[in-house]
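Worksheet: one structure, shown below.
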Amino acid sequence: MPQQVVGKGEVSGEEEDYSLKRFASHPFYTAMNRRLVKLCELQPWWRVVDLGCGIGAVTWLLVEEVCGDGGQVIAIEPLGEALEEARRSLAHLPKVAVRFLKRRGEDLMHCASVRSMDGVLFCNAIHLVPDKSLVLQNIHAVLRPGGVFAFNSAFFEGAQSADTFPFYTAWIRHALHIFKDDYPDIRRKKEGKAQARILLTPEEYRQLLEDEGFELEYLELCPVELPLEGFEDISGYELFARGALPGVPLAVAVDCLKRGVAEAFRDLNLTSVTRNWLQVVAVKA
Ligand SMILES: C[S@@+](CC[C@H](N)C(=O)[O-])C[C@H]1O[C@@H](n2cnc3c(N)ncnc32)[C@H](O)[C@@H]1O
């Protein structure tokens, strides 16, 4: 059923949660992030930044590794609401172990308490950043020589293999049909191309790291089987929905994407779709 839209894309009834919470609770998501964390070989006494920490889905994985003997995790996030959720969900941890800061990666080097860090992790977020060089320069500035920088992303050129293209085409086709048929009174606003859709190849990331003074230690593409629920839950995440259907009111975009993906799975008789996760570890040269 379409959600009830009142006025400009507002949905009546209960307030929706458009955070990453549901998607982040899938075991494949934790597995991909834990894999990257393990590849970093963090030491218990290290000071590590969880950049773009969102609601804290990676923060607690970092706390498991560091925060032993003098270790510290600094969770940094530009969106106040997400940062508050991270703070709430990690409230049971000792206060000395985790600190929370509201900042963008672009401003990291201006933060007096973030200096000579042993590691910076930037999980599932680099694809959202318009000026990746600027963020990498900031990360470089706050790391000690030899410090580790790691990131992962399922949004890069190569995340979708050619045999899954028909699925993505069917998904967007269904979503746009639902939008046209069920929301005839809503006009799509003209917007610039969403950043999440300007995708880099692994080779472009490798070059970028080298240009900004990092040495690549490890780069892999991990195939992950995503079930329908995974696609439905990413459809309900604000930053994804706005990128996938730019110019469409958020509640409407979420509804069209969720129902569209279910129809695409049904059409193509799928039980899952393979998606590659890019996992990268580098060190400050
Ligand atoms: C998909 S969430 C990932 C959250 C968490 N790192 C994880 O892996 O579950 C992406 C996060 O990156 C944040 N983000 C976007 N642009 C950023 C920037 N320029 N600097 C720092 N964080 C940013 C967003 O606000 C969002 O919370």
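Considering only region 251-281, state which residues are in contact with a strand residue (DSSP E or B) (Cβ under 7 Å, 6 or more places away or on another chain) and surrounded by 17 or more Cβ atoms within 10 Å (Cβ to Cβ).
Answer for region 251-281, where residues must be in contact with a strand residue (DSSP E or B) (Cβ under 7 Å, 6 or more places away or on another chain) and surrounded by 17 or more Cβ atoms within 10 Å (Cβ to Cβ): Ala251, Val252, Val273, Arg275, Asn276, Trp277, Leu278, Gln279, Val280, Val281.
Here are some conditions: (1) in contact with a helix residue (DSSP H, G or I) (Cβ under 9 Å, 6 or more places away or on another chain); (2) within 16 Å of the ligand (Cβ to nearest atom); (3) over 19 Å from Asn152 (Cβ atoms). Arg115 meets all but one. Which one does it not meet?
For Arg115, the exception is condition (2).
Within the bounds of region 52-65, is there any residue that is at pLDDT 95 or above, away from the ligand (no atom under 12 Å from the Cβ), buried (at least 16 other Cβ atoms within 10 Å of the Cβ) and under 18 Å from Leu136 (Cα atoms)?
No, region 52-65 contains no residue that is at pLDDT 95 or above, away from the ligand (no atom under 12 Å from the Cβ), buried (at least 16 other Cβ atoms within 10 Å of the Cβ) and under 18 Å from Leu136 (Cα atoms).
Can you tell me which residue in region 118-138 is surrounded by the fewest Cβ atoms within 10 Å (Cβ to Cβ), limited to those that are of a type outside the set (Ser, Thr, Tyr) and more than 10 Å from the ligand (Cβ to nearest atom)?
Gln137
Under 9 Å between Cβ atoms, which residue pairs at least 6 apart in sequence (or on different chains) link something in region 151-165 that is assigned to a loop (DSSP other than H, G, I, E, B) with a partner that is small (Gly, Ala, Ser)?
Between residues of region 151-165 that are assigned to a loop (DSSP other than H, G, I, E, B) and residues that are small (Gly, Ala, Ser), the close pairs are Phe155/Ala196; Phe155/Gly243; Ala159/Ser153.
Would you mind finding the one in Leu208, Leu278, Leu270 that is of a type in the set (A, V, I, L, M), out of contact with any Gly (no Cβ under 6 Å at 6 or more places or on another chain) and in a loop (DSSP other than H, G, I, E, B)?
Matching residue, one of Leu208, Leu278, Leu270: Leu270.
The values are calculated or read from the model by the stated rules, or taken from the named source; none is laboratory data. Here the structure is a predicted model, which means the values were calculated and not measured. Because the Cβ atoms are built from the backbone with ideal geometry, glycine has one as well, and the counts that use them run over all protein chains shown.
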